[in-house]
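A short write-up of the structure that comes next.
The values are calculated or read from the model by the stated rules, or taken from the named source; none is laboratory data. None of the values given here were measured: they were computed from a predicted structure. Quick note on the areas: whole protein, heavy atoms, side chains included, nothing else; ligands and nucleic acids left out. Shrake-Rupley method; radii C 1.70, N 1.55, O 1.52, S 1.80 Å.
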Amino acid sequence: MCLIVLAYRIHPDYPLIVAANRDEFYARPTQAAGFWAEHPDLLAGRDEQSGGTWLGITRSGRFAAVTNVRRGGMVNTGLRSRGQLVCDFLTGNANALAFSETVARDAHHYGAFNLLTWDGDNLIAHHSLSNDSELLEPGIHGLSNDRLNTPWPKLTRSLNALRACIDDNPSPEALFGVLRDTTRPADHELPDTGIGLKQEQLLGSPFIRSADYGTRACTVLRVHRSGRVDFHEQTFDAQGIQGAEVHETFSVPGD
């Protein structure tokens, strides 16, 4: 993922609302979201190159997502796929606090990342460069390719748009509108991550489109206070044309 905005425990009906864009090279083989044959409780897309996923949720209500961290002109790579972190949490039993300790121990095996994990009780963000975890308080939060809530223009714009949705009606259509924003900020507002102005411009909008790299999936996730999970995914090709939409609904068992 390269953009995640979420409303956490501030809406009267939805304790968790997530809107997220996955930006990736179009040549990287990918499966659209669905329940995995070997993990039938796991709903997620799949990176066919490394086998992991960028975002997913389980029938028991566990949620996780990852973004890369961009530093020094490149996205740092590691020996292991960052998408495996998401899979490990979603297919495991450790709570978010305990899992964050495992992440801190093993973070050096991966390229730089931010990891969100939610076990239904606690939502935690782990930033691998400082190798620390933050227990999120109720509020509007966001991640791009830096630390949680770093005020990059695309993230600030998306957080404001999400806040407006929460105040009105957080429908899937409204949340997809947040994600499909192609507005690019002024050059002086862009971050400098070492990739040059042209690339910063390309990556500066919430929804990205270029010949070989761009937003390939938009995901909207709403978890209702009743335990009902509502999951939507839209996929896109290199021309920005939308493919079929995935929609799954299920209920998390009560205590």
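Each residue was assigned an accessible area with a 1.4 Å probe, and for Thr30 the value is about 40 Å².
When nucleic acids and ligands are ignored and a 1.4 Å probe is applied, Glu101 ends up with an accessible area of around 130 Å². In this structure the amide hydrogen of Leu3, modeled in the peptide plane, comes within under 5 Å of the amide hydrogens of Asn21, Asp23, none closer than 5 places in sequence on its chain. Give the shape of the range 156-255 as rounded, prolate or oblate, defined through the alpha-carbon gyration tensor: a ≥ b ≥ c are the square roots of its eigenvalues, a/c under 1.5 means rounded, and otherwise the shape is prolate if a/b is larger than b/c and oblate if not. Because a/c hits 1.5 or more and a/b exceeds b/c, the range 156-255 counts as prolate. Comparing mean-square fluctuations of Gly214, Gly177, Gly61 from a GNM of the chain with C-alpha springs under 10 Å, the top value falls on Gly177. Between the amide H of Gly120 and those of Phe63, distances stay under 5 Å, these residues lying 5 or more places away or on another chain, with hydrogens modeled in the peptide plane. For the range 237-246, 3J(HN,Hα) computed residue by residue from phi via the Karplus equation (6.51, -1.76, 1.60; θ = phi - 60°) reads 9, 5, 8, x, 7, 6, x, 5, 9, 8 Hz, glycine and proline entered as x. Rounded to the nearest whole Hz, the Karplus-based 3J(HN,Hα) values (6.51 cos²θ - 1.76 cosθ + 1.60, θ = phi - 60°) of the range 214-223 follow the sequence x, 6, 9, 8, 10, 10, 10, 10, 10, 10, with x at glycine and proline. The HN-Hα couplings worked out from phi for the range 174-186 by the Karplus form 6.51 cos²θ - 1.76 cosθ + 1.60 (θ = phi - 60°) are 5, 5, 5, x, 4, 6, 8, 6, 9, 5, 9, x, 5 Hz, whole numbers, x standing for Gly and Pro. Scanning residues 5 or more positions from Ile10 or on other chains, those with amide H under 5 Å from its amide H are Gly139, with H placed 1.01 Å from N in the peptide plane.
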